[in-house]
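Only one structure is covered here, and it is reproduced in the block below.
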Amino acid sequence: MKIVVAGGSGMVGRHVVAVAQERGHRVVALSRAAGVDLATGAGLAQQLEAADVVIDVTSTATQSAQQSRQFFGAVTRNLLEAEGAAGVPHHVALSIVGSDKAPFGYYAGKALQEEIVSTGRIPWTILRATQFHEFAQQMVERFRFGPVTMVPTMTSQPVAASEVAERLVELAEGEPQGRPADLAGPEELRMTAMVKAYTAATGIRGPVLQIPLPGGFGKAMRDGTTLAGPGAQRGVQTFAQWIEGLSAAR
């Protein structure tokens, strides 16, 4: 199969490319370096020629609902339009558990992405996954102020990005499924515990403070909206095992 990966250089995309290549597929990773601008659609047509499936794992570093919607709206529409012109028979998108119930901040763009894909004319599969193990690292990078790291009050089900990639490629190899079972990590953990474990493993000093975020998104983090339901598939790698890998690499 020819598998085109949008966002192929990102956190999950790198794993998707590796998994697909290991399974013997011809893989094209879309990037500006390859002459493709997903925000405008420039360069897409040539890269999608004879493609069997597109896997969209694009992302943007924003917590603004407006910016997130602008990004995912433009990228998704451009991909689907180019896929239609090229005759691509399957579009696979990665989304987030809870994006439909808590369309706030970054999740607003993912909710729009799901809407555009599910109402489009390209046969589709949307996999919702919980946050990755790396979410703890992102919390430190985004919300560390001097020696203090501020962490939202929430429970997470961290899943390995590599396992998400494996599931995405598996879905891409099959027929469009619409909404298959969500994918979540093997355990529920408090975000403060995750961040403390990450800072300890990486030698980052300073207190980790838990704060309840206001508004609908903060409520969704606290009330379990962002957790997978009982019908979800479960990953294997625990957060502690991921932390052990970080410690061993130091």
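The values are calculated or read from the model by the stated rules, or taken from the named source; none is laboratory data. Keep in mind that what you see is a predicted model, and the values were worked out from it rather than measured. Ideal geometry is used to build each Cβ from the backbone, glycine not excepted, and the neighbour counts take in all protein chains shown. Only protein heavy atoms, including side chains, enter the accessible area calculation; ligands, DNA and RNA are left aside. Shrake-Rupley method; radii C 1.70, N 1.55, O 1.52, S 1.80 Å.
Report yes if some residue within segment 126-137 is within 20 Å of the chain's Cα centre (by Cα), farther than 23 Å from ARG190 by Cβ and assigned to a strand (DSSP E or B); otherwise report no. Within segment 126-137, one or more residues are within 20 Å of the chain's Cα centre (by Cα), farther than 23 Å from ARG190 by Cβ and assigned to a strand (DSSP E or B).
Being crowded, with 21+ Cβ neighbours inside 10 Å, of a type in the set (S, T, N, Q) and either over 15 Å from the mean Cα position of the chain (by Cα) or modelled with pLDDT under 95 (or both), is that true of even one residue in segment 93-100? The answer is yes, given that some residue of segment 93-100 is crowded, with 21+ Cβ neighbours inside 10 Å, of a type in the set (S, T, N, Q) and either over 15 Å from the mean Cα position of the chain (by Cα) or modelled with pLDDT under 95 (or both). Residues that are within 15 Å of PHE132 (Cα to Cα) and open to solvent by 20 Å² or more (accessible area, probe 1.4 Å) within segment 203-231 comprise just one, LEU227.
Residue pairs whose Cβ atoms lie under 7 Å apart, separated by 6 or more positions or on different chains, with the first residue in segment 48-74 and under 17 Å from ALA102 (Cβ atoms) and the second of a type in the set (Phe, Trp, Tyr) and open to solvent by less than 10 Å² (accessible area, probe 1.4 Å), do not occur.
Among the residues of segment 27-43, is there at least one that is in contact with a Ser or Thr (Cβ under 9 Å, 6 or more places away or on another chain), surrounded by 14 or more Cβ atoms within 10 Å (Cβ to Cβ) and part of a loop (DSSP other than H, G, I, E, B)? Within segment 27-43, one or more residues are in contact with a Ser or Thr (Cβ under 9 Å, 6 or more places away or on another chain), surrounded by 14 or more Cβ atoms within 10 Å (Cβ to Cβ) and part of a loop (DSSP other than H, G, I, E, B). In the set (1) under 26 Å from GLU166 (Cα atoms); (2) open to solvent by 20 Å² or more (accessible area, probe 1.4 Å), LEU127 fails one condition alone, (2).
Of the residues in segment 110-118, none is under 14 Å from the mean Cα position of the chain (by Cα) and either assigned to a loop (DSSP other than H, G, I, E, B) or hydroxyl-bearing (Ser, Thr, Tyr) (or both). Here the condition is being open to solvent by 40 Å² or more (accessible area, probe 1.4 Å), at pLDDT below 90 and either aliphatic (A, V, I, L, M) or part of a loop (DSSP other than H, G, I, E, B) (or both); of ALA200, ALA248, it holds for ALA248 alone.
Candidates are the residues of segment 143-167 that are assigned to a helix (DSSP H, G or I) and in contact (Cβ under 8 Å) with a residue 12 or more places away in the chain; the one that is farthest from ALA201 (Cα to Cα) is ARG167.
Set side by side, the residues GLU141, GLU134, GLU115, GLU170 differ, and just one is farther than 23 Å from THR60 by Cβ and surrounded by fewer than 20 Cβ atoms within 10 Å (Cβ to Cβ), which is GLU170.
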